[in-house]
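Shown next, in structure tokens, is the structure this report addresses.
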Amino acid sequence: MLLGWLAAWTPCAAVADDAYFNVRDARTQLKDGVYLLDANVVYRFSEAAMEALQNGIPLVLEIQIKVGRQRAWLWTDTIAALNQRHRLQFHALSDRYVVHNLNTDQRQSFATLDDALYALGAIRGFPMLDQRLLVAGADYQVGVRAALVVEELPTPMRLWAYASEQWHLDSAWYTWRLQP
């Protein structure tokens with residue numbers, strides 16, 4: 001009986017292992033006194049998230065950015081913390097994927113999910129930080145990560161999503177040193 005139970009749950013575990021978010025690379029460049037972020041993020045949804053998306057449930061994806069000053073004896077001093085949110089939704093009537101930037105209210109439409117996910121993952125020239133907030137000679141670290149925002153799911157799905165590993169989709173922090 002135990003072997004039957006394990007066999008029944010093994011496919012679910014395999015599906016959850018195939019789902020991941022990954023910040024492949026990120027960098028900043030200083031232009032006109034503002035640090036601009038370029039990053040590449042890979043989104044691979046779980047079976048449960050894909051099923052919800054195909055059935056018209058919007059998924060909210062968030063890019064979290066933190067800039068901190070390293071200090072020798074104390075914890076890191078957070079200089080800036082930003083969140084960039086996008087809503088991804090499939091519209092069955094038009095057979096299109098719509099990406100809605102919730103920070104700027106801009107919308108884009110894509111014929112395939114791969115095109116929509118590529119656009120979401122290609123972050124270019126995002127104004128991240130004003131150079132005047134940094135002190136010359138200090139040591140700064142930038143961190144970027146991507147996450148699925150479970151709190152934005154419809155209320156009936158939220159409890160199930162909290163309990164299911166298939167909805168815990170977030171990347172590790174990708175960090176690098178910022179040169180002021």
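So for the pair residue 87, residue 119, with labels modelled 7 Å out along Cα→Cβ, what separation do we get in nm?
Those two pseudo-labels are separated by 1.6 nm.
Taking the beta-carbon count within 10 Å as an exposure proxy, list 175, 78, 28 from fewest neighbours to most. Display every interim value, and only then the final one.
Working: 175 15, 78 10, 28 20.
Ordered from fewest to most neighbouring Cβ atoms within 10 Å, 175, 78, 28 come out as 78, 175, 28.
With no solvent and one equal point scatterer placed on each C-alpha of the range 19-178, evaluate the Debye formula and give log10 I(q)/I(0) for q = 0.14, 0.15, 0.17, 0.21 Å⁻¹, two decimals.
With no solvent term, the Cα-only Debye profile gives -0.75, -0.84, -1.01, -1.35.
Give me the distance in nm between label points sitting 7 Å out from Cα along the Cα-to-Cβ direction at residue 141 and residue 25, one decimal.
Between residue 141 and residue 25, the label points sit 2.2 nm apart.
Report the chymotrypsin sites (Phe, Trp or Tyr not before Pro) located in the range 65-156 that are in a DSSP loop and have at most 14 other Cβ atoms inside 10 Å of their Cβ, or state none.
Details: sites: 73, 75, 90, 97, 110, 118, 140; in loops: 73, 75.
Counting only loop positions with at most 14 other Cβ atoms within 10 Å, the chymotrypsin sites (Phe, Trp or Tyr not before Pro) in the range 65-156 are 73, 75.
What GluC sites (Glu not before Pro) in the range 22-95 are in a loop by DSSP, with at most 15 other Cβ atoms within 10 Å of the Cβ? Could the numbers behind the result be given before it?
Values: sites: 47, 51, 62; in loops: none.
For GluC sites (Glu not before Pro) across the range 22-95 that sit outside H, G, I, E and B with at most 15 neighbouring Cβ atoms in 10 Å, the list is empty.
By counting other Cβ atoms within 10 Å of each Cβ, how are 171, 46 ranked from fewest to most? Write out the running numbers ahead of the final one.
Working: 171 19, 46 22.
Ascending Cβ contact count within 10 Å gives the list 171, 46.
Quick check on the exposure proxy: order 162, 20 from fewest to most C-beta atoms within 10 angstrom. Intermediate values should be presented prior to the final figure.
Values: 162 12, 20 16.
Final ranking by Cβ density, sparse to dense: 162, 20.
At 7 Å along the Cα-to-beta-carbon direction for both residue 75 and residue 105, put a label point, then send me their distance in nm to one decimal.
3.7
Please compute the length gained on full extension between residue 112 and residue 34, using 0.36 nm multiplied by the number of residues separating them and subtracting their Cα-Cα distance.
So the chain would gain 24.7 nm between residue 112 and residue 34.
If you take the charge dipole of the chain about its Cα centre, with +1 on Lys and Arg Cβ and -1 on Asp and Glu Cβ, which of 19, 106, 159 is farthest toward its positive end?
Value computed over the given set: 106.
No value in this document is a laboratory result; all are computed from the given coordinates. Not measured: the values here are computed from a predicted model. Methodologically, a virtual Cβ is constructed for each residue, glycine included, from the backbone with ideal geometry; neighbour enumeration extends over all protein chains shown.
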